[in-house]
């Protein structure tokens, strides 16, 4: 099977996406890989596997690569003196753009519109997971608990310190701060507003435990190992994204009952909404109550480090992708109108 990995994008997490793609290049051995880079201008480039190095992108060398256009069924480029069109040959695309473009629904919409088979969240699931306010509302409707929150337009809140302030529409820990007093609040609010104009505040809960669980539905449920996150105050940017290959997954304290409860909550979030995606749900545990912290519709390097055989997971998901329902358009309504007018 040949996977086409699409990465980059016009996103605050552009560089993280590059690192994710480079990581998957080394993690996927059994299947063929091709790479499409989306630069900051949203131009598509075909990147040779040997050029999948961070410097190739940071220096702008990628601009010497073949430029692509998205089209029905895939991607094409013009070749030779007579500009003959050639198509990129692949079986399934993988949306690996973190944040804007990839997780906000833009690329998923294009892939669906052009009938390109892809491992990706769809437009609707992107809307739910990209906006933390919508995520919380969705989780509550699905019967999954969430931490209380407040939308703010200035550094003022009903919660007592300490609190956590977050940009609502970022797919990572960028712009997130733990705030312990008003001065810190003023500064953190300005930082968050640099990234988004929709800001939320949550109470910072002492002694909360955090667990990550990835998975998908591919004919049957496939779950990763449960990771108990070791952290100081919260899972910061560096811990979350700069350590894709980490192996120090703490499983010893995750008992079977808790594992099953986490899986049941994951199913409630995933089912009927996130089909065709490999997602990671981050949960909190406090006083034996499980809360959803966030949904990662495109986790860093697809959370490969949490699976015993990541390539088998990708293969099963790729073979069980659901197709968009075909709508029959036969112009019967218009024909009836025309017939009626003719009488």
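Where a number appears in this text, it was derived from the coordinates with a stated rule and is not lab data. Bear in mind that the values here come from a model prediction, so they are computed numbers and not experimental data. As a convention, Cβ positions derive from the backbone with ideal geometry for all residues, glycine included, and neighbour counts pool all protein chains shown.
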Seminar exercise, completed: Here the percent of antiparallel bridges among DSSP beta bridges lying wholly in the chain, to the nearest 5, is 75
Seminar exercise, completed: Percent relative contact order for the range 117-235, counting Cα pairs under 8 Å at least six residues apart, stands at 22
Problem set entry | Cα long-axis angle, helix 182-193 against the chain (0 to 90 degrees, to the nearest 10) | 0
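In percent, what relative contact order does the range 2-120 have, based on Cα pairs under 8 Å that are 6 or more apart in sequence?
On the way: 215 pairs, mean separation 37.6, N = 119.
That works out to 32 percent.
Can you tell me the FRET efficiency between residue 286 and residue 153 if r is taken as the Cβ-Cβ distance and R0 is 41 Å, rounded to the nearest 0.05? Can you show the working numbers first?
Working: r = 28 Å, r/R0 = 0.69.
It comes to 0.90.
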Seminar exercise, completed: Reduced to Cα centres, the span from the range 21-54 to the range 133-188 in Å works out to 35
Problem set entry | At q = 0.13, 0.17, 0.21 Å⁻¹, base-10 log of I(q)/I(0) for the range 2-120 (Debye sum, equal scatterers on each alpha carbon) | -0.46, -0.81, -1.26
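Below 8 Å, C-alpha to C-alpha, sequence gap of six or more: please give me the relative contact order for the chain in percent. Could you put the intermediate results ahead of the total?
On the way: 639 pairs, mean separation 58.6, N = 343.
Answer for the chain is 17 percent.
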Problem set entry | MRE, 222 nm, helices only [DSSP H, n ≥ 4, -39500 (n - 2.57), over the chain, to nearest 500] | -8500 deg cm²/dmol
Exercise. Any idea what Rg and Dmax come out to for the chain if you just take the C-alpha atoms, in Å?
Worked result: 22.0, 79
Exercise. Build a GNM of the chain with springs between Cα atoms under 10 Å: which of 15, 206, 311 gets the top mean-square fluctuation?
Worked result: 206
Exercise. Taking the alpha-carbon set of the range 183-228, what are its Rg and Dmax in Å?
Worked result: 17.5, 52
For this session: Compute log10 of I(q)/I(0) for the range 150-203 with the Debye formula, placing one identical point scatterer on every Cα and leaving out solvent, at q = 0.30 Å⁻¹, to two decimals.
Result: -1.31
For this session: Kindly work out what percent of the DSSP beta bridges joining two residues of the range 2-120 are antiparallel, to the nearest 5.
Result: 50
For this session: Using the number of other C-beta atoms within 10 angstrom as an exposure proxy, rank 331, 187 with the fewest first.
Result: 331, 187
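Averaged over all directions, how much area does the convex hull of the C-alpha atoms of the range 53-125 cover when projected, in nm²?
Working: hull surface 24.0 nm².
That works out to 6.0 nm².
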Problem set entry | Alpha-carbon centroid distance for the pair the range 255-333 / the range 64-125, whole angstrom | 22
